[in-house]
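Presented below is the structure to which this report refers.
The values are calculated or read from the model by the stated rules, or taken from the named source; none is laboratory data. Here the structure is a predicted model, which means the values were calculated and not measured. Cβ atoms come from the backbone with ideal geometry, glycine included; neighbour counts cover every protein chain shown. Remember, those area values only see protein heavy atoms, side chains included, never the ligands or the DNA or RNA. Shrake-Rupley method; radii C 1.70, N 1.55, O 1.52, S 1.80 Å.
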Amino acid sequence: MRLILLGVPGAGKGEQATRLSGKFSIPHVSTGDLLRREMEEGTEVGRRISEFVNRGELVSDTVTQAILENRLRETDCLAGFILDGFPRNLSQADFLQAALERMSAPVDVVLNIEVPDGTVIDRLAMRNRLDDAPETIRHRLKVYRKVTAPLVDYYDRAGILKRIDGDGSPEEVTQRILTCLARKA
Ligand code: AMP
């Protein structure tokens, strides 16, 4: 199974991806995690990446796409994967579609995790990441609305979008996702 999780920062994509990854024994692929790993390694690329991440800006498509494609080519992704944080804009979505076509591995379903704005701010305030400072959160939400939100329509038109109510405990949300996926199968 190949899944994409969409939702504002703080919607619970990471948490749900981890839980689903355990349930289905497929890897959780988070471009945020992959980029943070580059930053920790302190390479030249990592330093450039951190300038964008710490300001709440998107890292360039070229860098993110290369990192993502390398990850998807690892053998554990043959069984499927859960994408969290990618694609983040329409050109990344086109890139992903072309890359997966080359691998004969189309996306099965896109889950849009929907939560009210207030919930998102509260959840992010509880994390301890440099890019979760209030100013940066506001900026990331703005970037989300402008460049990432159009992906909901993009995948709806492709006929693979499912909407999930993300307001509730992590267990409740996982249960909604599992019910939705079972209905689809
Ligand atoms: P996340 O962990 O998904 O919230 O991502 C944290 C940060 O990593 C984002 O605010 C961006 O700066 C960067 N990032 C993650 N995924 C992408 C992507 N697909 N394209 C560009 N930047 C990304």
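Note: the range 139-185, Cα convex hull, 78 Å³ per residue.
The value of relative contact order for the chain, using C-alpha pairs under 8 Å at least six residues apart, is 34 percent.
Using a ≥ b ≥ c from the Cα gyration tensor of the range 90-185 (square roots of the eigenvalues), is it rounded, prolate or oblate, where a/c under 1.5 gives rounded and otherwise the larger of a/b and b/c decides, a/b for prolate? Judged from the Cα gyration tensor, the range 90-185 comes out oblate (a/c at least 1.5, b/c at or above a/b). The Rg/Rh ratio for the range 1-78, using Cα coordinates for both the radius of gyration and the Kirkwood hydrodynamic radius, is 0.98.
Exposure check, 1.4 Å probe, all protein chains in place: D132 carries approximately 10 Å² of accessible surface.
Other residues whose C-beta falls under 12 angstrom from the C-beta of T119 contribute a net charge of -4, scoring Lys and Arg +1 and Asp and Glu -1. When the inverse distances between all different Cα atoms of the range 114-158 are averaged and flipped, the Kirkwood radius reads 11.7 angstrom. Given a 1.4 Å probe and the protein chains as shown, E38 ends up with an accessible area of around 50 Å². If you count Lys pairs in the chain whose Cα atoms are under 27 Å apart, skipping same-chain pairs closer than 8 places in sequence, the total is 10.
Taking every alpha-carbon pair under 8 Å whose residues sit at least 6 apart, the range 114-185 reaches a relative contact order of 34 percent. Between rounded, prolate and oblate, where does the range 51-144 land on the alpha carbon gyration tensor, with a ≥ b ≥ c its root eigenvalues, rounded for a/c under 1.5, else prolate if a/b exceeds b/c? Judged from the Cα gyration tensor, the range 51-144 comes out prolate (a/c at least 1.5, a/b above b/c). Stokes-Einstein diffusion of the chain at 25 °C, 0.890 mPa s viscosity, Kirkwood radius from Cα pairs, rounded to a whole number: 146 µm²/s.
Other residues with beta-carbon under 9 Å from the beta-carbon of L5 carry, at +1 per Lys or Arg and -1 per Asp or Glu, a net charge of 0.
If you roll a 1.4 Å probe over the range 1-148 with all protein chains in place, what percent of the accessible area is carbon or sulfur? Carbon and sulfur: 52 percent of the exposed surface of the range 1-148. Inter-label distance, S91 to E135: 2.8 nm, where each label sits 7 Å from its Cα along the C-beta direction. Using a probe of 1.4 Å on the protein chains alone, the accessible area found for F24 is around 80 Å².
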